[in-house]
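As C-alpha cells, the structure follows; a few thoughts come after it.
The values are calculated or read from the model by the stated rules, or taken from the named source; none is laboratory data. Since the structure is predicted, the reported quantities are computational estimates derived from the model, not experimental observations. Here the Cβ positions follow ideal geometry from the backbone for every residue, glycine too, while neighbour counts run over all protein chains shown.
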Amino acid sequence: MAGEWQSVPVSQVATAVIGGTPSRSVAEYWHGDIPWATAKDVATVSGRYLEHVEECITKEGLENSAAKLLPKGTVVITARGTVGAVAQLGRPMAFNQTCYALLPTDALDNDFLFYALKGTLADMRALTYGTVFETITTQTFDHWLIPLPPLPEQRAIAHILGTLDDKIELNRRMSQTLEEMARALFKAWFVDFEPVRAKAAIRREHPVWSNAQVSRASCPNLKPEIAELFPDEFENSELGEIPKGWRVGTLSNLVKNVIERIQPSSFTESHPYVPIECIEARSVCLINWQPGRNAKSSLVRFYKGDIIFGAMRPYFHKVCIAPFDGTTRTTAFVLRPVPSELSFTAFAVSRDETIDYATAHSEGSTIPYAKWAGSLQDMKIIIPMQNVREAFHRYIWPFIERMMINVSANTLLAALRDTLLPKLISGELRVKDAERIVGRAV
C-alpha cells in the first residue's frame, strides 16, 4: 500500500502552463464571452470549482495574447498574490500570468492531481525552510513531490473526496437559491409593492368588495391571512408613493447599534470569532468563522440573531445574521433587531441602497468607515406595518434556518474531507474504509 507508492515531482507527471493578458489598450480584446481568471478569482473560490470571474475577453484577445483557453476541470494554482490557492475550472476559461494550469500525463488522474496538490501544499511550504514562498515558478514543480498511486487507486481516492465536495457544493447552491428567493420576495413586497398594486387594481374594479374578497382575487399565490395584511391603496410621502398605513422612518426604528466591548477571556476562547473577512459578500448567511483563540483586540460581543454589518469599507457589502453567540471586531456594527422581525430587518439592512448610503456617508479616504450615530441610523426608509414585517419573518425564517443547517453540515463535511485527504493520498487509510466513513456522512 502506502510503502509501495512512489512520490514524484509534479513536473514529472504534469505540464505547467502559464497564462497571459491581452493588451489593455485594445478595446476589442475585452468584454467578450471568454471567462478570464486571475489569482484573485482563484483565491476567492470557497469550494472546488472556479466558475465566476471578474472579467471576460474576446476571441481576438485570446488569439493575440499568451492567454490559453483550457477545458472544464483543468487544475489551476495561483503563482502570485495569494500563492498556492488551488481550484478546478468550473467551465472552459482562460487565465492570466498570475496562475498556472497543470495538464496531467496519462499516469495521473486529473481530479487526483487537484487533491494531491491540496494535500501536499504544507509539505511544499516546508521545503522553503519555514518561509512562505512568495511566487511559484516552473522550477517549483520540479521540487513539489506528490504521491503516485496506481491509476485505479487515484480515481477511487478522487471519487471519495469529490463526493464530499459535491455534497458541500450542493448544500451551498441550495442555500444560495433560498437566499435569492427570500430577496426576491422582499423586493416584491417592500420595493415593488406587488401585493398592494394587485389589490389596488382589483379594488378599482370592485369598490364594494370586502378586504378578504379583494385579497383572494388579487393575490391567489399568497395565503389569505397574509394577503389581507396589505392595504389596497397608496398615499404620498417624502419618499414618494407608499402603501397606505405604512410610514417613512429611519434604520434606527428597526435596529439598535449595540456596542458590548469585551476583552480576550475564557468566553472569547470558547466562542467563534467573526472578523469582517469571514463574512461572505452579499449573503446574510455566515459560512466562515475563526476559532476564539484568534480574537485578540478591539472586540465586541454579539448574540445569536444579531446582524453583523461590516463598517470598514462598507462597499464590500458584508452583512450577515449571527447564527450563534460570539465576538467580532469594532470594524463591524452589531445591530440588534426585534426578534419577530429579524428576516425583514436583515434584508432591509443588507439592501444595495443601504450599502450605498453607508459608503457615501463614510469617513476616511484610504480606509473608509461607515458611521452609525448621526449617519446610517438616520437613513430614511419605508417601514411597513408591524404585522406585515412579522409575516415576512415567519414566511422567510424557515429558509434562513435551512441555510444555517446547510452551513453546519458543510462545516462537518469539510472537516471530514480535510481529515481524510492526507490519509488517503498517503495510503494510510484504505479506500474501502474511507468509503464506509463517507457513506455514513452523506
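So the values come out like this:
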{"quantity": "Residue that is modelled with the lowest pLDDT [pool: residues in region 112-151 that are among the acidic types (Asp, Glu) and part of a helix (DSSP H, G or I)]", "calculated": "123"}
{"quantity": "Members of region 87-108 found to be surrounded by 15 or more Cβ atoms within 10 Å (Cβ to Cβ) and β-branched (Val, Ile, Thr), listed by number", "calculated": "98"}
{"quantity": "Any hit, region 11-24, residues being over 23 Å from residue 71 (Cβ atoms), under 30 Å from the mean Cα position of the chain (by Cα), among the charged types (D, E, K, R) and at pLDDT 95 or above", "calculated": "yes"}
{"quantity": "Filter result (closer than 22 Å to residue 32 by Cβ and buried (at least 21 other Cβ atoms within 10 Å of the Cβ)) within region 59-86", "calculated": "61, 67, 74, 76"}
{"quantity": "Subset tally (residues that are touching a Lys or Arg at 6+ places or on another chain (Cβ under 9 Å) and either within 24 Å of residue 352 (Cα to Cα) or of a type in the set (Ser, Thr, Tyr) (or both)) for region 254-277", "calculated": "11"}
{"quantity": "Pick from region 152-194, criterion hydrophobic (A, V, I, L, M, F, W, C) and either assigned by TED's automatic domain parsing to the domain that holds residue 344 or outside any helix (DSSP H, G or I) (or both), ranking: farthest from residue 8 (Cα to Cα)", "calculated": "193"}
{"quantity": "Every residue from region 339-390 that is among the acidic types (Asp, Glu) and touching a Lys or Arg at 6+ places or on another chain (Cβ under 7 Å)", "calculated": "341, 363"}
{"quantity": "Top-ranked residue in region 312-334 [being assigned to a strand (DSSP E or B) and touching a residue at least 60 places away in the same chain (Cβ under 8 Å); ranked as nearest to residue 265 (Cα to Cα)]", "calculated": "327"}
{"quantity": "Of the criteria (1) more than 17 Å from residue 333 (Cα to Cα); (2) assigned by TED's automatic domain parsing to the domain that holds residue 321; (3) not polar (S, T, N, Q), which one residue 277 fails", "calculated": "(1)"}
{"quantity": "Test for residue 370: is it farther than 28 Å from residue 229 by Cβ, of a type in the set (A, V, I, L, M) and modelled with pLDDT of 95 or more", "calculated": "yes"}
{"quantity": "Count of residues meeting criterion [closer than 11 Å to residue 101 by Cβ and without any contact (Cβ under 8 Å) to a residue 24 or more places away in the chain] in region 58-89", "calculated": "1"}
{"quantity": "Enumeration of residues in region 328-386 that are closer than 15 Å to residue 317 by Cβ and acidic (Asp, Glu)", "calculated": "352, 353, 356"}
{"quantity": "Enumeration of residues in region 232-256 that are in a loop (DSSP other than H, G, I, E, B) and acidic (Asp, Glu)", "calculated": "232, 233, 238"}
{"quantity": "Any hit, region 268-284, residues being surrounded by fewer than 16 Cβ atoms within 10 Å (Cβ to Cβ), hydroxyl-bearing (Ser, Thr, Tyr) and part of a strand (DSSP E or B)", "calculated": "no"}
{"quantity": "Total residues in region 3-45, condition surrounded by fewer than 14 Cβ atoms within 10 Å (Cβ to Cβ) and of a type outside the set (Asp, Glu)", "calculated": "9"}
